[in-house]
1. How would the stretch 216-295 be classified by its alpha-carbon gyration tensor: rounded, prolate or oblate, with rounded meaning a/c under 1.5 and the a/b versus b/c comparison settling the rest?
2. Which three extents, in angstrom, do the Cα atoms of the stretch 134-282 have along their principal axes, listed largest first?
3. Cα axis of helix 12-31 to longest principal axis of the chain: angle in degrees, 0 to 90, nearest 10?
4. Got the relative contact order for the chain handy, in percent, Cα pairs under 8 Å and 6 or more residues apart?
5. First select every other residue whose beta carbon is under 15 angstrom from the beta carbon of ARG91; then total the charges, Lys and Arg +1, Asp and Glu -1.
6. Of LYS177/LYS278; LYS81/LYS222; LYS21/LYS222, which pairs sit farther than 28 Å apart, going by alpha carbon to alpha carbon?
7. Taking the Cβ-Cβ separation of LYS147 and LYS37 as r and a Förster radius of 35 Å, what is the calculated FRET efficiency to the nearest 0.05?
8. Through the Karplus equation 6.51 cos²θ - 1.76 cosθ + 1.60, θ set to phi - 60°, convert the phi angles of the stretch 32-46 into ³J(HN,Hα) values in whole Hz; use x for Gly and Pro.
Amino acid sequence: MNHLLDIESITTDQIDKILIKAKQIKDELSRGNYSKKPLDGKVVFSMFLENSTRTRTSFDMAVYRLGGSVIHWDNNANSLKKGETLTDTIRCVSSYKPDGLIVRSSEFKAPYTFKTLMDCPIINAGDSYRAHPSQALLDTFTIEEQKGSINGLTIAICGDIAHSRVAACNIQLLHQKGAKLRLISPPTLTINRLPFEDIKTFTDMNEGVKDCDVIMMLRNQKERMEASAIPDDDWYFRNYGLTQQRLKLAKENVMVMHPAPMNRGVEIADDVADDPYKSFIFKQMENGLPIRMAILESLVS
Ligand code: NCD
């Protein structure tokens, strides 16, 4: 594996190796005896052209925990603001020979473009509505940690399917892992062409969550959607918000997930987000670290 660009471009064997390595790292971190430095002497360039808390922070932590160093792109003080093209900027960064590039961008397939301009492993930390592979890997890791296997589980992905790179990547990976997938969304936020024929689609939230093993909620990607796609946040919560009442329709041991940031009271009720038994949202965040350490160790060390 040379790059992490999306789920489609890595093999099932590479996916399994990352998941196994992440488990070992997580165990060692929790016992407090993780002491390896596979990125010793390596310098990684972190370029977040879009906002991020979890992905950026956990990648930073991962590089440092592995013994490497990070240089950050400064979104406020850079030469794009002086009219330089992104291509010229990337060629400049490339000339300093970083050992890896972590990139988030709103441009469709930006990491693929960067790959042609740089000589180091490229890690996609989210591009446009298309792909966010490290998120899908940590989501799979979190489900497998709880349920053992994904094969045969009924998993609903709910909300702004049309603009969510988290949904796009999870559809690929969870389908590959044998999940029975359901997509629940208002008609204005659905995808027209389903990537797999056996995916079931719902516009009624109550029908969609019935008997699910996992419910994965999504944030409305207002930065990418037309303003008219939903009437307003109250309408959205009434029709698509995950409430305790709706949660009762799913299986008793259902897992509630959300990549975060959450908009509480829009796509998810407070008492669902904070449900001590059913919500795995903060567990997902925690698992971001071992997954990203495993990715960096595989690619950069
Ligand atoms: C997601 C993203 O950026 O795509 N956030 C994340 O990485 N955890 C989800 C979102 O912003 O809605």
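The values are calculated or read from the model by the stated rules, or taken from the named source; none is laboratory data. Quick caveat: nothing in here was measured; it's all calculated off a predicted structure. Quick reminder, even Gly has a Cβ in these numbers, built from the backbone with ideal geometry, and neighbours come from all protein chains shown. Note: areas computed on protein heavy atoms with side chains; ligands, DNA, RNA excluded. Shrake-Rupley method; radii C 1.70, N 1.55, O 1.52, S 1.80 Å.
1. Values: a/c = 2.68, a/b = 1.24, b/c = 2.16.
Oblate, since a/c reaches 1.5 and b/c is not below a/b.
2. On the principal axes, the stretch 134-282 reaches 40, 34, 28 Å in Cα extent.
3. Tilt of helix 12-31: around 90 degrees.
4. Numbers: 544 pairs, mean separation 62.0, N = 301.
Normalised by residue count, the contact order of the chain is 21 percent.
5. Around ARG91, the surrounding residues sum to -1.
6. Over 28 Å apart, Cα to Cα: LYS21/LYS222.
7. 0.55
8. x, 10, 7, 10, 6, 10, x, 9, 3, x, 8, 10, 10, 9, 10
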